[in-house]
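Trainee: Can you read through this structure? Questions will come right after.
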Amino acid sequence: MISEEARAAVLGALNLIYAPLLADDLAMVTQLAEGIELGEDILVELAEADRRDFSSEGERPVWICPAIEYADGEANDEFFTRSDWPMQARVVRDVLSEGQELWLLWRFCSLLITVIERRLPSNAAVVRLRERIGDLSIHLPKSRLAERRAERGEPTDSLASYCELAEDLYGERVRYERDVERDPVAALERLSWPEQYFGVS
């Protein structure tokens with residue numbers, strides 16, 4: 001039996017990042033932000049339990065849900081989201097868009113800054129967080145990082161520079177993505193509640 005504490009921790013971790021998360025990323029965030037270590041199998045079990053509870057007309061203010069595919073409204077069970085997020089925040093196109101990955105980079109950098117400020121010990125979750133930031137930093141143009149270095153006298157791989165540049169680039173990118181996605185997302189918003197939460201069968 002999975003505890004309500006574990007479920008609450010997962011929902012809290014999702015809300016902190018506010019983006020569709022893969023199981024390994026969600027496990028990492030849950031451990032660092034909520035202090036609860038959960039395996040990917042437990043995360044899958046939690047999501048399946050919420051789907052079953054919803055289907056049996058259970059009542060909760062929020063459900064752990066899959067991401068919803070942009071093209072056809074099918075569930076993408078590789079990503080975890082929350083039912084109380086707007087559809088725009090829950091949609092994926094098989095993988096995350098550039099804008100979504102920039103958002104993730106920004107949120108992960110903010111999380112690492114919090115980890116450093118709290119002087120949390122380096123563990124596997126911290127190592128993974130640093131690796132994920134490194135992976136996602138591919139979206140940061142070296143020329144823009146160099147500009148930051150010149151302006152602030154910091155190294156190009158400064159965590160603060162990554163965080164600020166990811167925020168800036170996300171703002172630029174998301175305007176375009178939201179404009180392109182407006183009509184398809186509006187169509188997904190017209191699905192029934194079960195389909196909006198758990199995907200079109």
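Trainee: Step by step: first the residues of region 70-84, then only those that are farther than 15 Å from Arg190 by Cα and not hydroxyl-bearing (Ser, Thr, Tyr), then the one that is farthest from the chain's Cα centre (by Cα). Which residue is that?
Mentor: Among residues in region 70-84 that are farther than 15 Å from Arg190 by Cα and not hydroxyl-bearing (Ser, Thr, Tyr), the one farthest from the chain's Cα centre (by Cα) is Ala75.
Trainee: Quick one: Arg190 ticks every box in (1) surrounded by fewer than 18 Cβ atoms within 10 Å (Cβ to Cβ); (2) of a type in the set (Lys, Arg); (3) in a helix (DSSP H, G or I) bar one, so which box is it?
Mentor: Status for Arg190: all satisfied but (3).
Trainee: Just the residues that are at pLDDT 95 or above and under 17 Å from Ala166 (Cβ atoms), please, taken from region 114-131.
Mentor: Within region 114-131, Leu129, Arg130, Glu131 qualify.
Trainee: Those residues that are surrounded by 11 or more Cβ atoms within 10 Å (Cβ to Cβ), more than 13 Å from Val10 (Cα to Cα) and of a type in the set (D, E, K, R), I need them from region 31-61; list them, please.
Mentor: Glu48, Arg51, Asp53, Arg60
Trainee: Check Leu145 against each of (1) touching a Phe, Trp or Tyr at 6+ places or on another chain (Cβ under 9 Å); (2) modelled with pLDDT of 90 or more and name the one condition it does not meet.
Mentor: The number of the failed condition is (2).
Trainee: Among the residues of region 93-104, write down those that are over 19 Å from Thr30 (Cβ atoms) and in a helix (DSSP H, G or I).
Mentor: Glu98, Gly99, Gln100, Glu101, Leu102
Trainee: Is it fair to say Ala150 is among the hydrophobic types (A, V, I, L, M, F, W, C) and either in contact (Cβ under 8 Å) with a residue 60 or more places away in the chain or surrounded by 11 or more Cβ atoms within 10 Å (Cβ to Cβ) (or both)?
Mentor: For Ala150, the condition - among the hydrophobic types (A, V, I, L, M, F, W, C) and either in contact (Cβ under 8 Å) with a residue 60 or more places away in the chain or surrounded by 11 or more Cβ atoms within 10 Å (Cβ to Cβ) (or both) - is not met.
Trainee: Now for a separate question. Within region 56-75, can you find the residues that are outside any strand (DSSP E or B) and without any contact (Cβ under 8 Å) to a residue 60 or more places away in the chain?
Mentor: Within region 56-75, Ser56, Glu57, Gly58, Glu59, Arg60, Pro61, Val62 qualify.
Trainee: Turning to a different aspect of this structure: Quick check on this structure: which one of Leu111, Leu129, Leu159, Leu169 is surrounded by fewer than 19 Cβ atoms within 10 Å (Cβ to Cβ), touching a residue at least 12 places away in the same chain (Cβ under 8 Å) and not assigned by TED's automatic domain parsing to the domain that holds Tyr18?
Mentor: Going through Leu111, Leu129, Leu159, Leu169 in turn, the sole match is Leu159.
Trainee: Please work out which residue is surrounded by the fewest Cβ atoms within 10 Å (Cβ to Cβ), limiting yourself to region 173-187 and to residues that are touching a Phe, Trp or Tyr at 6+ places or on another chain (Cβ under 8 Å) and either under 28 Å from Phe54 (Cβ atoms) or not assigned by TED's automatic domain parsing to the domain that holds Leu140 (or both).
Mentor: This residue is Pro184.
Trainee: Can you give me the number of residues within region 172-201 that are polar (S, T, N, Q) and in contact (Cβ under 8 Å) with a residue 40 or more places away in the chain?
Mentor: So the answer is 1.
The values are calculated or read from the model by the stated rules, or taken from the named source; none is laboratory data. The model shown is predicted, which means the values in this text are computed figures rather than measured ones. All Cβ positions, glycine included, derive from the backbone under ideal geometry; neighbour counts span all protein chains shown.
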